[in-house]
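Report on one structure; see the data block that follows.
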Amino acid sequence: MTSSGVDRSDPAWAALRFRYLADVRKGRLPSQQGPTSEGLPLVPYLSMDYLRGEVDEPTLIPVEDGLLLADTGDLLLLWDGSNAGEFMRAKAGVVSSTAALVVPKNVNPSFFYWACKAQETVLRTETVGMGIPHVSGESLANLRVPLPPPDCQRAIAGYLDREMARLDAMVAAKERALGLLAEKRRALITRAVTRGLDPRAPLRDSGIPWLGEIPMHWEIWTLGHVALVGNGSTPNRDSPKYWLEGSVPWVNSSVVNQEEVIAADQFVTATALHECHLPLVRPGSVLVGITGQGKTRGQAVVLSFEATVNQHIAFITPCTDRLDAWFLRWALFAAYEFLRSISDDAGGTKGALTCEDLATLRVPLPPIAQQRAIVEQVAKETAKLDAVRSATERTIVLLKERRAALIVAAVTGKVRVREVIA
């Protein structure tokens with residue numbers, strides 16, 4: 001038995017073009033895409049969640065003659081789409097038209113996978129296409145791949161398999177921690193705006209499913225009785241008089257994903273405000289996303305400056321002596337799943353909330369001083385959780401950067417790898 005060191009200065013190392021090291025076979029879509037009770041998964045792109053291990057049982061499609069099949073562990077190259085140029089290890093299934101099966105020739109398959117991963121950035125920067133990006137066949141063919149002697153290939157592949165598994169486990173643990181932090185944050189906010197800050201306060205049933213029990217002395221009001229509810233519109237984009245040199249901030253539903261709306265990136269004119277009957281929404285109002293199938297619908301955020309809004313947002317301007325804007329924002333945060341459920345009901349408004357839905361929503365109304373105390377406490381506690389979340393996210397970024405750098409260093413011989421070889 002001998003000990004082999006991987007050393008890039010070894011003259012036996014080479015750098016060959018991809019075309020000499022692998023065959024590439026493009027996949028295609030089946031004539032019928034299912035689903036069916038028997039068949040194979042379509043991998044990727046319709047089942048990327050399956051390929052990445054996020055679901056255990058993908059939708060199956062019928063298998064027919066002429067389809068390209070991949071076995072678990074085969075090398076895939078994503079050919080089209082936002083991830084074009086990414087190499088992945090396959091799970092068993094049918095290779096779709098958005099991917100290609102890569103078959104290495106006279107090279108250790110595991111080493112070749114990591115060597116290709118090291119070149120992803122180069123390949124992805126050279127994708128082509130005005131719309132959906134796709135891999136440039138010429139760039140792929142000319143991609144230079146480092147190629148050490150066979151024993152070094154095995155040593156490097158074994159080292160990277162172990163190290164990447166370790167780093168991936170660390171990233172997965174940090175991502176699970178992020179999920180737990182998000183759950184803790186939601187529970188903290190929900191409890192504060194539904195039970196208050198005094199754990200000894202006597203409770204009563206609110207009669208509202210999403211709200212549950214509330215302190216005995218809290219009131220419940222219909223939102224439209226303590227706030228003005230409305231929404232806006234989008235002026236004609238083809239009309240310069242509505243947009244050219246505009247000075248009135250105009251926001252769309254993307255802002256509800258922020259912590260607080262503190263700036264606008266689009267502006268309309270005073271003419272648009274008048275002719276399009278746009279509302280001028282006061283600072284201290286709460287904006288709610290009312291359309292869309294993503295997470296935006298039902299999300300709420302506080303507006304900190306005067307602005308107007310489009311038709312996909314409802315604004316809620318509270319009576320400041322009765323309802324604090326931030327308390328309302330957090331109450332709507334607690335009611336998010338309920339708002340989603342009522343906007344998913346069958347009928348003409350499926351997939352959308354209406355201003356009437358919000359105006360008739362029943363919300364808890366503690367005394368205004370208690371609302372402000374709750375808001376202050378929520379801000380204090382969530383700031384702690386958000387600091388932990390930010391630190392965890394930074395750690396994940398660093399781990400992923402370490403992962404990418406280690407792959408490049410190992411396959412180019414910049415890291416000395418030793419493995420006992422029989």
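Derivation of every value follows stated rules applied to the coordinates shown; laboratory data play no part. Note that the structure is a prediction, hence the values are computed from the model and not measured. All Cβ positions, even for glycine, are placed from backbone atoms using ideal geometry, and neighbour counts span all protein chains on display.
How many times 2.2 N^0.38 Å is the alpha carbon radius of gyration of region 208-365? Before the final figure, lay out the partial values.
On the way: Rg = 15.9 Å, N = 158, 2.2 N^0.38 = 15.1 Å.
With N residues counted in region 208-365, Rg over 2.2 N^0.38 Å equals 1.06.
Rounded to the nearest angstrom and listed largest first, the equivalent-ellipsoid semi-axes of region 302-377 from its Cα gyration tensor are 25, 16, 10.
Please report the orientation-averaged projected area of region 89-136, defined via the convex hull of its C-alpha atoms, in nm². If you can, show how the numbers build up before the last one.
Numbers: hull surface 17.2 nm².
Convex hull of Cα atoms, orientation-averaged projection: 4.3 nm².
With label points built 7 Å along Cα→Cβ from the Cα atoms of residue 16 and residue 254, find their separation and express it in nm. Label at residue 16, label at residue 254, 4.7 nm between them. Extending 7 Å from the Cα toward the beta-carbon at both residue 134 and residue 222 defines two label points whose distance is 5.7 nm. Put a plus charge on the Cβ of each Lys and Arg, a minus charge on the Cβ of each Asp and Glu, and nothing anywhere else: the dipole of region 124-283 about its Cα centre is then about 500 debye.
Mind putting a number on the dipole of the chain about its Cα centre? Charges go on the C-beta only, +1 for Lys and Arg and -1 for Asp and Glu, and I need it in Debye to the nearest 20. Display every interim value, and only then the final one.
On the way: 46 positive and 47 negative charges, 231 e Å.
Result for the chain is approximately 1120 debye, rounded to the nearest 20.
What is the local net charge at residue 102, summed over the other residues whose Cβ is closer than 9 Å to its Cβ (Lys, Arg +1; Asp, Glu -1)? Could the numbers behind the result be given before it?
Working: positive: 25; negative: 23, 74.
For residues surrounding residue 102, the net value is -1.
Here, P(r) means the percent of Cα pairs in each 5 Å bin from 0 to the largest distance; for region 231-308 it is 3, 17, 27, 23, 17, 11, 2.
Annotation for residue 394 and residue 377: the two label points, set 7 Å from Cα along the Cα-Cβ direction, are 3.0 nm apart.
Going by a ≥ b ≥ c, the root eigenvalues of the Cα gyration tensor, does region 132-231 fall in the rounded group (a/c under 1.5), the prolate group (a/b larger than b/c) or the oblate group?
Working: a/c = 7.49, a/b = 2.53, b/c = 2.96.
Oblate, since a/c reaches 1.5 and b/c is not below a/b.
The base-10 log of I(q)/I(0) for the chain, evaluated at q = 0.06, 0.08, 0.10, 0.14 Å⁻¹, reads -0.41, -0.68, -0.92, -1.18 [Debye formula, identical scatterers on Cα atoms, solvent excluded]. Calculate, in whole percent, how much of the Cα-Cα pair population of region 283-422 lies beyond 18 Å. Every Cα pair in region 283-422 considered, those over 18 Å come to 68 percent.
Rounded to the nearest 500, the helix-only mean residue ellipticity at 222 nm of the chain stands at -11500 deg cm²/dmol, with each DSSP H run of n ≥ 4 adding -39,500 (n - 2.57). Candidates 140, 291, 309 compared by Cα position along the dipole of the chain: farthest toward the positive end lies 140, with charges placed on Cβ.
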